[in-house]
Amino acid sequence: MRSPNQTLTQKPIQKPIQDLPAKVFHWVSFVSLFLMITSGLQIYNANPVFGGRSGIHIPAIFGLGGWLAGGRHWHFATMWIFALNLLWYGFYVLWTRRWRHRYASGKDVKALLVSQNEKRKNYAWHRLAYTLLIPLLLLSIFSGLGMYKPAQFYWIVDSFGGWEALRITHFMAVPLTLTLAGIHSQLGRKVGGDRLLDSMFWE
Amino acid sequence: MSQEPEQKQPDSDIEFDDTDLVPRRRFLTLAGAGLLTIGFGSFAEGLVGGLSEPFNQQVGSLIFQPQQPVPEFPISAIEPDKLIINSFRGTPAIATETYRLTIDGEVNNPLSLSMSNLQKLPLTSMVIRHVCVEGWAAIVQWGGVRLRDLIAIAKPSAQVKYVYFYSADGYYESWDIDSVMHPQTLMAYQKNGQILTPEYGAPLRLASPVKLGYKLSKWVTRIQLTSELGKKRGYWEDLGYEWYAGL
């Protein structure tokens, strides 16, 4: 989002514009994350992380794949789209130097701490929320790789202190991502309204 | 048969709490949701799995290091309570005294071995993580004969690429030869320092850190070496689970 001009000051309305790669990344992330989470919950139900077979199961409607084998097919097919999308986007962010001005920085932290300007603070929160999503998605890939190939990537399992901790981390990425994504969309509405939303999704 | 997968089949997927009357509308919603997920399930196995699995198998075998041992755990790390017993048809009764392991197929020296024959071969012990497709894992000590030692005695022909395992209960599995020849792939008759018990696969079962649990057949009675995979590739695989299942 470019400068989110709210209409209070009656400036000529400047439409927020997103670069095409950012929109593609956002869409592919949106869809692939949905598939990863639903197929992941299907896999989860085979042996719930908390409580095992007698533990709490996720309602079937949230699962994708119908049974464990189907859930795994979806999960291990979509993981490529999900991960490669983050990879090319990483190069894009480095190449275009977007990382220097499109993500939360010291300025945003400072605004949150000292600014009296409510709009500036909202904007800082907004930047912070979507910035935090990136390491969370990377953590999902890292922990998932450790669960998918624990013999070849035994050091990933070790780095979490064992299988249980790895499983819990990988699973907890779901509620954390959903929460953060929810906050992200709310803050997006707050700082940019429909115009910002449209600029990222449709325009 | 052995091991892990979730017992559910696509057509038995809708489960209701039959102690309660389900209100009609809720029933229809649930039924609709169930049909939807089952539909997705078949679609996944037909298309999504069909597209991605060959590729994932390529990647899996590419990153697999056939002769590289997976780091093991100390004895103190063993988790005796975590190894869940899974089987598709209960535990078969096998008399250890009359038990024979057959090794045949494309070999120059077919074998029929008794347990005492097997126990005279070098014993290998390992403490590894046993990982189930369902998501749980357990650190287990296994003791037994390296499968590659048995294969060597059977003198396989050069074109052998796959190995079938047949179990006393009708369970069957097939593996790629690289994983079979891995130094930590054992025909095990000990678990956690004790002689293997029937529910865990006695007298002889597969144990390895490089494959998911459903590949680790219990009650193995026949090992068949072959240059080609048949239409049947394994009990769970033929129902839709992935064949390679490498860790």
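Each value in this text was obtained by applying a stated rule to the coordinates, not by laboratory testing. Bear in mind the structure is a predicted one, so any value in this text is a computation, not a measurement. Glycine also receives a Cβ, built like all others from the backbone with ideal geometry; neighbour counts cover every protein chain displayed.
Between B:GLN58 and A:THR131, the modelled label-to-label distance comes to 4.0 nm, taking each label 7 Å out from Cα in the direction of the beta carbon. Computed per residue of chain A from DSSP H runs no shorter than four, each worth -39500 (n - 2.57), the mean residue ellipticity at 222 nm is -24000 deg cm²/dmol. Rounded to the nearest Hz, the phi-derived 3J(HN,Hα) couplings of the stretch B:60-68 under the Karplus curve 6.51 cos²θ - 1.76 cosθ + 1.60 (θ = phi - 60°) are x, 6, 5, 7, 6, 9, x, 10, 8, where x marks glycine and proline.
The lysines within cross-link reach of A:LYS110, meaning a Cα-to-Cα straight distance under 19 Å and a gap of 8 or more places when in the same chain, are A:LYS119, A:LYS121. Most tightly packed first, judged by the mean number of other beta-carbon atoms within 10 Å of their residues, the peptides A:63-75, A:156-168, B:157-169 read A:63-75, B:157-169, A:156-168.
Entry note, the stretch A:103-203: relative contact order of 28 percent, from Cα contacts under 8 Å with a spacing of 6+ residues. Summary value for chain A: 23 percent relative contact order, contacts being C-alpha pairs under 8 angstrom separated by 6+ residues.
If you take all other residues with their beta carbon under 12 Å from the beta carbon of B:THR124, and give Lys and Arg +1 and Asp and Glu -1, the sum is 0.
Here's the picture: a label point sits 7 Å out from the Cα of B:ASP178 along the beta-carbon direction, and within the stretch B:45-76 the residues with their amide nitrogen under 15 Å of it are B:54-70.
Spin-label pair B:ARG89-B:GLN194: with each label point 7 Å from Cα along the Cα-Cβ axis, the two points sit 2.7 nm from one another.
Normalised by the number of residues in the stretch B:62-239, the average gap of Cα pairs under 8 Å and 6 or more apart makes the relative contact order 28 percent. Packing here is the average count of other Cβ atoms within 10 Å per residue, and on that basis the peptides A:114-120, B:131-137, B:68-74, highest first, run B:131-137, B:68-74, A:114-120.
How high is the FRET efficiency from B:ILE153 to B:THR98, r the C-beta distance, R0 25 Å, rounded to 0.05? E between B:ILE153 and B:THR98, to the nearest 0.05, is 0.70.
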